[in-house]
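Every read-out reported here was derived from the displayed coordinates using simple, explicitly stated rules and does not represent laboratory data. None of the values given here were measured: they were computed from a predicted structure. Positions of Cβ are backbone-derived with ideal geometry, glycine not excepted, and every protein chain shown enters the neighbour counts.
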Amino acid sequence: EVQLVESGGGLVQPGRSLKLSCLASGFTFSNYGMNWIRQAPGKGLEWVASISSSSSYIYYADTVKGRFTISRDNAKNTLYLQMTSLRSEDTALYYCARQAGYFDYWGQGVMVTVSS
Amino acid sequence: DIQMTQSPASLSASLGETVSIECLASEDIYNNLAWYQQKPGKSPQLLIYYASSLQDGVPSRFSGSGSGTQYSLKINSLESEDAATYFCLQDSEYPPTFGGGTKLELK
């Protein structure tokens, strides 16, 4: 069974940093591209970042480019999102999702709240 | 960026009815369109990919169609468990973009 479990969220002040993790199981992690997608409270879905299976290709949404870094450790079956210079508009539920072109499996999400 | 315009934003229907939800892309997305169902407090679940392929385990009352810039999700014989918000996603090119969502309420 494919499982994606996010962690690392919480309350953080504007301008500070936070690192999210997503532990994958139930599939060969190193064979799949992975993504972070977020959903602000009561809002729709926004793709944040994508990383290919071997980390050769990385893409970011314009809203986070230069502030967020996606990475992965295939030996640990773990996806990361390092978030810096956080803003109030980054407040959202962050999902990791497996990529098969489309996003076929999603984690349960981890909440990030940016507030003073 | 490709814009995805989803309609309607909300929908109310009765058990057993058939409903359709539309997504219009700002340019041709070559059937690279997926549909998701999201229930409150849950993560999105994939229903349809490549515009019309049914994800394993999804009931056959869900179907997708379309081409070019126009796509639709059809739900036949509505059941109570179908009350949810539905999103479309284009993954034809980066950045992937979502429709604004359709909240389906069962009367």
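The H on the amide N of B:G101, modeled in the peptide plane, is under 5 Å from the matching H of B:Q6, B:C88, each at least 5 residues off or on a different chain. In this Cβ point-charge picture (+1 for Lys and Arg, -1 for Asp and Glu), chain B has a dipole of about 340 debye about its Cα centre.
Run the dipole for the protein assembly as shown about the Cα centre, Lys and Arg Cβ at +1, Asp and Glu Cβ at -1, nothing else charged, and hand back the magnitude in debye, nearest 20. Write out the running numbers ahead of the final one.
Working: 16 positive and 20 negative charges, 141 e Å.
Computed charge dipole of the protein assembly as shown: roughly 680 debye.
Which cross-chain or sequence-distant (5 or more) residues have an amide H under 5 Å from the amide H of A:G33, H modelled 1.01 Å from N in plane? Long-range HN contacts for A:G33: A:S53, A:Q99. GNM on chain A, alpha-carbon springs under 10 angstrom: the most fluctuating residue among A:G33, A:G15, A:G44 is A:G44. Charged side chains reduced to their Cβ positions (Lys and Arg at +1, Asp and Glu at -1) give segment A:1-107 a dipole of some 280 debye around its Cα centre.
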